[in-house]
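Colleague: Handing you a structure now.
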Amino acid sequence: MLIKQWFTDRKILWLKSFSRFPLAIISLVAALTLTFLIIHSEGDLNFTDQLISLGLSVLLLVSIQLISEIFKVTQARTFIFKLSSLILPVSYYFYLRQAPMDFNQSGQVRTVVIYFIVTLLLIVLPTLNHRLTFSDSLIIYIKAFFSSVLVLLILFIGVNAVLSAYTTLIFNLNYRWFAYSAAVIFQFITPVYFLSQLPVFDEEKHTKDIDKAKEMMSLLEILVAYVITPLLLIFSLILIVYILMNISSDFWQDNLLEPMLISYTVIGIITLFLSEKITKRISRLFIRFYPYLLLVIAIFQTVSSGMKTAEIGLTHGRYFVLLFGLFSIVSTLIYTFFTSKKFFIPYFLIGLGIVSILPIIDAVSIGVTNQTAKINKLAKPHIDDSGQVTTLVDKLTADEKVSFSYSMNYLSQQEKLGCLDWLPDDFSYPSDFESTFGFSSDYYYFDSNENLDVTRPAYAYIERDMIDPLVLSTEGIDEVGDVSTYQLNNDTITLNRNAFAIRILEESENLCFQLLGNDTVLLQQDLSELVDEVPAANEMPLTRPLEDMQWTEETDDYRLIVIVNRIEIEEQTVIDGEFLLLVDYK
C-alpha cells in the first residue's frame with residue numbers, strides 16, 4: 001500500500017508540474033527532440049546553440065512562474081510575461097551563431113556565467129516570500145536536486161539493465177536505443193521530477209507544503225555538520241599556515257591559491273547558510289570562526305592576484321579570481337558585521353555576474369583589451385616606416401619577452417590577433433612568430449623567470465604515431481631489442497653477442513643508451529633533449545611520426561639506433577617507456 005500511495009503521489013505531482021510549468025516542459029520536449037535528431041544522425045547534426053538556448057528558456061520560464069506565485073500575478077499576465085521572456089533565449093541563440101561555443105571563448109564564458117546567474121536567481125526567488133530565508137531556499141533546492149538524482153540513477157541503471165538483457169537474450173538492439181533512453185531520462189524525466197519537488201510558494205494556501213520542503217534532511221545535516229564543515233575548517237587552516245609560511249617569499253609570486261579561490265568561496269558560503277539550520281556545536285563554531293578565516297584568505301589572495309595582474313596583465317581567468325575575491329571580502333564582512341543584511345549576499349553575487357558579461361566591461365573583452373595594450377606598448381617603439389614590426393629578439397628584455405609571448409598566445413586563443421594592426425596580413429600564429437619577432441612563441445613557457453605565469457606540467461606523455469605500421473629494413477642490423485621499462489634504474493641488457501650489452505642510464509633529466517663491449521662504453525646515444533622537450537610541449541597525449549622518434553649514433557665499428565615508441569615523464573624524470581633498439585656491429 002505504501003508503494004502504491006508513493007506512485008499515486010508522484011503521479012499527482014507530475015500532473016501538477018505539467019499544468020504549472022507548461023511552456024518550460026514544452027522547451028524540454030523540444031530539446032529532447034533535437035537530441036533524438038543528433039543521435040539518429042550519429043553526431044552529423046549539431047544543435048549545440050539551440051540546446052543551450054532552450055535550456056536557458058527553461059530556467060527563465062520556471063523563474064517567471066515562481067515570481068507569479070509569490071506576487072500572485074494573474075494567469076493571463078504570467079503567460080504574457082513568459083512569452084515575452086522567450087525573447088532573451090532567442091536573442092542569445094543568434095548571439096551564439098556569431099560567437100560559436102566550439103571556437104569562441106567569449107561565447108563560452110558568457111554562457112557559463114549566464115547559466116550561473118539564472119540558476120542562482122532561481123534559488124534566490126523564494127526568498128521574496130518573506131517567510132523564507134536563503135538557507136530555507138537552499139535546502140528546498142538541494143532536496144529536490146538529490147531526490148531527482150536518485151530517481152535518475154535508479155531509472156538509468158534499471159532501463160539499461162532491461163535493454164541489455166533484451167539485446168543479449170532475445171534480439172540485438174541498435175546502440176541508439178541506449179542513447180535514446182538516456183536522453184529521455186536525463187533531459188526530460190529528471191528535470192520534470194525536479195520541478196515536481198518544488199512547492200508552490202504561496203504562503204496563504206500552501207504553508208504546510210513549504211514547511212515540509214524546507215525541513216533539513218537528517219542525511220544532509222550529517223553531511224554538512226560532520227563531513228563538509230570539518231573538511232572546510234581543516235582546509236582553511238592549511239591555507240592560513242601556507243600563507244604565513246610563505247608570506248615573505250613565494251606566496252606573492254606562485255599564486256597556487258588562485259585556482260582554488262572560486263570553488264572554495266562558493267562552497268564555504270553555501271555551507272555557512274546551510275549551517276544556520278543545524279544546531280550541532282560544530283556548526284555553531286563554524287558559523288562563528290569560518291567567516292574570519294575566509295576573509296583573511298580572500299584578502300591575501302586578492303592582493304596577490306592584483307600584483308600578478310600588474311606584472312603580466314589581466315586575463316578573463318584572473319578577472320573572475322579578482323571578482324570572487326571581492327565577493328568573498330564583501331560577503332564575509334556582511335555576514336559577520338551586518339547580519340541583518342546577509343540576504344543581500346546572493347544578490348551581490350548576481351550583480352557581479354551581470355557585470356562580468358556586459359559588453360565592453362565583460363571578462364573576455366577586458367582581458368583582450370589589457371593584453372593588446374601590453375603588446376602594443378612593447379612592439380610599437382620598434383615599428384619601421386612601412387608599418388611592420390622589426391625583430392624584437394635583441395630589443396626586449398627577458399621579462400618583456402615573457403610578457404610579449406604570453407600576451408600573443410592569449411590573443412591567439414581569443415582569436416583577436418586582428419586587433420594588432422601592425423601585424424603582417426599573412427601572419428600565422430605560431431608558425432610565423434619566431435621568423436617575425438626573433439624568438440619562440442613559447443618563450444613564456446621555456447623561460448625560467450620566477451615571474452612566469454604558466455608552470456611546466458608535472459606529468460607529460462609522448463608516443464610514436466601508431467596508425468601506420470612500423471616497417472624497418474634489417475639490412476646491416478645484427479641485434480634487435482624491444483625494451484619496456486618502468487622506473488628506469490641503470491638497467492643493463494645483455495645482447496646475443498658475447499661480452500656486448502646495452503646500459504640504460506637515467507638520472508634526473510638525463511636519459512642515455514650506451515653500447516658496451518667488455519664493460520667498456522663503445523658509443524652512447526643521449527636522449528636528454530627529448531626528456532626536456534616533452535614537458536615543454538604542453539600537449540598530452542603528444543603523437544609524433546617515426547622520423548621524430550628515431551635517433552642514430554655510430555662510429556667506424558658500431559651503430560646504435562634507438563626508436564622511442566612511448567615515454568612518460570614526471571617532474572623531468574622518466575618513469576616509464578618503451579624503446580626499440582637496433583645494433584649494427586659492422
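Colleague: Name the residues in the stretch 152-180 that are touching a residue at least 24 places away in the same chain (Cβ under 8 Å) and either over 27 Å from the mean Cα position of the chain (by Cα) or not in a helix (DSSP H, G or I) (or both), would you? Walk me through it before giving the result.
Modeller: Of the residues in the stretch 152-180, the ones touching a residue at least 24 places away in the same chain (Cβ under 8 Å) are 152, 155-156, 159, 176, 179-180.
Passing the criteria: Leu155, Val159, Arg176, Tyr180.
Colleague: Something else now. Under the condition of being touching a Ser or Thr at 6+ places or on another chain (Cβ under 8 Å) and among the aliphatic types (A, V, I, L, M), which residue from the stretch 287-317 is farthest from Thr229 (Cα to Cα)?
Modeller: Taking the candidates together, the pick is Ile312.
Colleague: From the list Thr339, Thr332, which residue is among the polar types (S, T, N, Q) and free of Cβ contacts under 8 Å to residues at least 12 places away in the same chain?
Modeller: Details: Thr332 fails: free of Cβ contacts under 8 Å to residues at least 12 places away in the same chain.
Unique residue meeting the criteria: Thr339.
Colleague: Taking the residues in the stretch 96-133 that are open to solvent by 60 Å² or more (accessible area, probe 1.4 Å) and without any contact (Cβ under 8 Å) to a residue 24 or more places away in the chain as candidates, determine which candidate is nearest to Glu276 (Cα to Cα).
Modeller: Filtering first and then ranking leaves His130.
For (1) open to solvent by 70 Å² or more (accessible area, probe 1.4 Å); (2) outside any helix (DSSP H, G or I); (3) of a type in the set (Gly, Ala, Ser); (4) not assigned by the TED database to the domain that holds Lys377, each residue gets a yes or a no:
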{"position": "Phe235", "(1), (2), (3), (4)": "yes, no, no, yes"}
{"position": "Ile243", "(1), (2), (3), (4)": "no, no, no, yes"}
{"position": "Ser263", "(1), (2), (3), (4)": "no, no, yes, yes"}
{"position": "Gly268", "(1), (2), (3), (4)": "no, no, yes, yes"}
{"position": "Thr271", "(1), (2), (3), (4)": "no, no, no, yes"}
{"position": "Ile282", "(1), (2), (3), (4)": "no, no, no, yes"}
{"position": "Arg288", "(1), (2), (3), (4)": "yes, no, no, yes"}
{"position": "Met307", "(1), (2), (3), (4)": "yes, no, no, yes"}
{"position": "Leu314", "(1), (2), (3), (4)": "no, yes, no, yes"}
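Colleague: Take the residues in the stretch 13-69 that are more than 19 Å from Val112 (Cα to Cα) and small (Gly, Ala, Ser); name whichever of them is most open to solvent (accessible area, probe 1.4 Å).
Modeller: Ser19
Colleague: Turning to a different aspect of this structure: From the list Phe178, Phe186, Phe194, Phe171, which residue is aromatic (Phe, Trp, Tyr) and either in contact with a Ser or Thr (Cβ under 6 Å, 6 or more places away or on another chain) or surrounded by 18 or more Cβ atoms within 10 Å (Cβ to Cβ) (or both)?
Modeller: Phe194
Colleague: Do we find a residue being open to solvent by 60 Å² or more (accessible area, probe 1.4 Å), in the same structural domain as Ala499 (by the TED database), at pLDDT 85 or above and part of a strand (DSSP E or B) anywhere in the stretch 553-575?
Modeller: Yes: one or more hits.
Colleague: Just a yes or no: is a residue in the stretch 199-222 open to solvent by 80 Å² or more (accessible area, probe 1.4 Å), over 30 Å from Glu69 (Cβ atoms) and either in contact with a helix residue (DSSP H, G or I) (Cβ under 6 Å, 6 or more places away or on another chain) or in a helix (DSSP H, G or I) (or both)?
Modeller: yes
Colleague: May I pose another question? Can you find a residue that is in contact with a Phe, Trp or Tyr (Cβ under 6 Å, 6 or more places away or on another chain), closer than 21 Å to Leu195 by Cβ and either outside any helix (DSSP H, G or I) or in the same structural domain as Tyr180 (by the TED database) (or both) anywhere in the stretch 35-45?
Modeller: no
Each row is one residue, and each column tells you yes or no for (1) within 19 Å of Thr315 (Cβ to Cβ); (2) aromatic (Phe, Trp, Tyr); (3) modelled with pLDDT of 80 or more; (4) assigned by the TED database to the domain that holds Val402.
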residue	(1), (2), (3), (4)
Gly418	yes, no, yes, yes
Trp422	no, yes, yes, yes
Tyr429	yes, yes, yes, yes
Arg464	no, no, yes, no
Ile477	no, no, yes, no
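Colleague: Given (1) in a helix (DSSP H, G or I); (2) open to solvent by less than 40 Å² (accessible area, probe 1.4 Å), identify the lone condition not met by Ile278.
Modeller: (1)
Colleague: Condition check: modelled with pLDDT under 90 and either open to solvent by less than 70 Å² (accessible area, probe 1.4 Å) or out of contact with any His (no Cβ under 9 Å at 6 or more places or on another chain) (or both). Does Ala225 satisfy that? It would help to see each step written out before you state the result.
Modeller: Working: modelled with pLDDT under 90: no; either open to solvent by less than 70 Å² (accessible area, probe 1.4 Å) or out of contact with any His (no Cβ under 9 Å at 6 or more places or on another chain) (or both): yes.
No; evaluated as a whole, the condition is false for this residue.
Colleague: Residues of the stretch 4-33 being modelled with pLDDT under 90 and of a type in the set (Ser, Thr, Tyr), which ones?
Modeller: Hits for the stretch 4-33 are Thr8, Ser17, Ser19.
Colleague: Another question, if that's okay. For Pro381, state whether it is at pLDDT below 85 and either assigned to a helix (DSSP H, G or I) or open to solvent by 20 Å² or more (accessible area, probe 1.4 Å) (or both).
Modeller: Working: at pLDDT below 85: yes; either assigned to a helix (DSSP H, G or I) or open to solvent by 20 Å² or more (accessible area, probe 1.4 Å) (or both): yes.
For Pro381, the condition - at pLDDT below 85 and either assigned to a helix (DSSP H, G or I) or open to solvent by 20 Å² or more (accessible area, probe 1.4 Å) (or both) - is met.
The values are calculated or read from the model by the stated rules, or taken from the named source; none is laboratory data. Small disclaimer: the values here were computed from a predicted structure and weren't measured. Cβ atoms come from the backbone with ideal geometry, glycine included; neighbour counts cover every protein chain shown. With ligands, DNA and RNA removed, areas are computed over all heavy atoms of the protein, side chains included. Shrake-Rupley method; radii C 1.70, N 1.55, O 1.52, S 1.80 Å.
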